[in-house]
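The values are calculated or read from the model by the stated rules, or taken from the named source; none is laboratory data. Note that this is a predicted model, so its numbers are computed, not measured. Positions of Cβ are generated from backbone atoms using ideal geometry, with glycine treated the same way; all protein chains shown enter the neighbour counts. Calculation scope for accessible area: heavy atoms of the full protein, side chains included, ligands and nucleic acids excluded. Shrake-Rupley method; radii C 1.70, N 1.55, O 1.52, S 1.80 Å.
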Amino acid sequence: MTTSPDWLAPDRRPRRMRRTDAIRRLVRETHLTPDRLVLPQFIMTGDNREEPIDAMPGRSRLTIDRTIAECEQAMELGVRAFAIFPAVEASLKTPEATEALNPENLDCQSVRAIKKALPEACVITDIALDPFSSLGHDGLVGNGVILNDETCEVLAKMAVLHAEAGADMVAPSDMMDGRVAAIRAALDDTGHTDTAILAYTAKYASAFYGPFREALESAPVDAPDVPKDKKTYQMDPANTREASLEAMLDEAEGADIMMVKPGLPYLDIIARLRAETTLPIAAYHVSGEYAMIKAAAERGWLDEKECMMESLTALARAGSDIIFTYAALDYARWWREGLV
Ligand code: PBG
């Protein structure tokens, strides 16, 4: 017999379902398994060396041999997909990014070596010119602007080289108009009909890419006739409807997977695209998002594991099937230990 007034005796008590860990696990709606993670790898030339990246504690530029060793470790933990980014020597960078089309460049060598050592790994290459451009832009620069159609032609050739080297997926991250169609046509014309396109569909002009640009020394340079930022091709963070337009175009042009980037500040965009397409959606938990948690954890201000797990789970809850994260190895270990 209750003595509490009616307003203190609610009929519905959702807290019953939160009472114990066993119950919470029964009713949990989102399960992020390591299968859904992609580990980005920064690769450099040389043998058996690594260079820690200052603003990304725990992540380093690795030589190809060390990259393979880490990928192998990742695969044992259930992370089977890798996005590779070449840290190209400054002496090889030119304004036209010509090294991007060298079949012996670091990208192609890395893909061949990883696929040879780990044929079951899914290797995803980045299609954009910035790692190879001495100007630090994703596209060709002419008369102070980024040249759209000329860039698409180069990107399409780059994609064919990566496919020839054995890439499972190519991932245009450049935001040129029409690049997915150009890449699909070039791949199909050269017989690479099975190479998938993971399009960076809604890629915003974000300040959260800072640590990544440090890792590749790829920030736009300060020089006359070179745009200071990427705002004429990457999207305005204030825009939502424009993401739907990009998604409509990328899907029509032949994208197999669509990505939203960065991740946490753009959960609304992930949810929106999830509702608009049947294609898988990927989210990129970018370098700055990773760095923020690491830096606060180093000061004792945040719990790294809890914040990392919460961030990645939120990306999955919002609707991403696939998550690119620098914390993939850590997450997979927590998963194995039953901590997730
Ligand atoms: C460049 C590229 C960037 C990232 C992935 N591909 C940086 C940029 O657009 O300047 C950022 C990833 C990250 O911050 O983790 N094509």
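Counting pairs of Cα atoms in region 71-124, how many percent are more than 16 Å apart?
48
Which order do peptides 193-203, 125-135 fall in by mean Cβ count within 10 Å, highest first?
Top to bottom by mean Cβ count within 10 Å: 125-135, 193-203.
Run the numbers on region 1-91 and let me know its relative contact order in percent, using alpha-carbon pairs under 8 Å that are six or more apart.
Result for region 1-91 is 29 percent.
What part of the accessible area of the chain, given as a whole %, is carbon or sulfur when the probe is 1.4 angstrom?
Carbon-and-sulfur percentage of accessible area, whole number: 52.
Could you work out the local net charge near GLN234, counting Lys and Arg as +1, Asp and Glu as -1, over the other residues with Cβ closer than 15 Å to its Cβ?
-3
Quick check: the angle from helix 304-318's long axis to the longest principal axis of the chain, C-alpha only, nearest 10 degrees?
With both axes taken from Cα atoms, the answer is about 80 degrees.
Let a ≥ b ≥ c be the square roots of the eigenvalues of the Cα gyration tensor of region 83-188; is it rounded (a/c under 1.5), or, if not, prolate (a/b larger than b/c) or oblate?
oblate
In 20 Å bins starting at zero, report the fraction of Cα pairs in region 32-336 per bin as a rounded %.
The distribution over region 32-336 is 35, 62, 3, given as percents.
Calculate how many DSSP beta bridges within the chain are antiparallel, expressed in % of all such bridges and rounded to the nearest 5.
15
In nm, give the distance between the simple-model label positions of LYS231 and ALA90, each being 7 Å from the Cα along the Cα-to-Cβ direction.
Label at LYS231, label at ALA90, 2.8 nm between them.
Over what distance in Å are the Cα centres of region 269-339 and region 137-152 separated?
The two parts, judged by their Cα centres, are 32 Å apart.
Hey, can you find the accessible area per residue of region 1-131 for me, probe 1.4 Å, expressed in square angstrom?
So region 1-131 comes to 55 Å² accessible per residue, rounded to a whole number.
Note down the net charge around ARG112, summing +1 for each Lys or Arg and -1 for each Asp or Glu among other residues with Cβ under 14 Å from its Cβ.
My count for the surroundings of ARG112 gives -3.
Express the relative contact order of region 257-330 as a whole percentage, based on alpha carbon pairs under 8 Å and six or more residues apart in sequence.
Relative contact order of region 257-330: 40 percent.
Cα to Cα, under 28 Å, and not fewer than 8 places away if on the same chain: which lysines meet these conditions relative to LYS93?
Filter leaves LYS115, LYS116, LYS157, LYS203, LYS228, LYS230, LYS231, LYS261.
Enter the angle in degrees (range 0 to 90, nearest 10) between the Cα long axis of helix 179-189 and the first principal axis of the Cα atoms of the chain, meaning the one along which they spread out most.
Roughly 70 degrees, rounded to the nearest 10.
Can you give the Rg and Dmax of region 285-328 based on its C-alpha atoms, in angstrom?
Values for region 285-328 (Cα only, Rg and Dmax): 10.5, 32 Å.
Restricting to Cα pairs below 8 Å that are 6+ residues apart, what does the relative contact order work out to for the chain? Please round to a whole percent.
18
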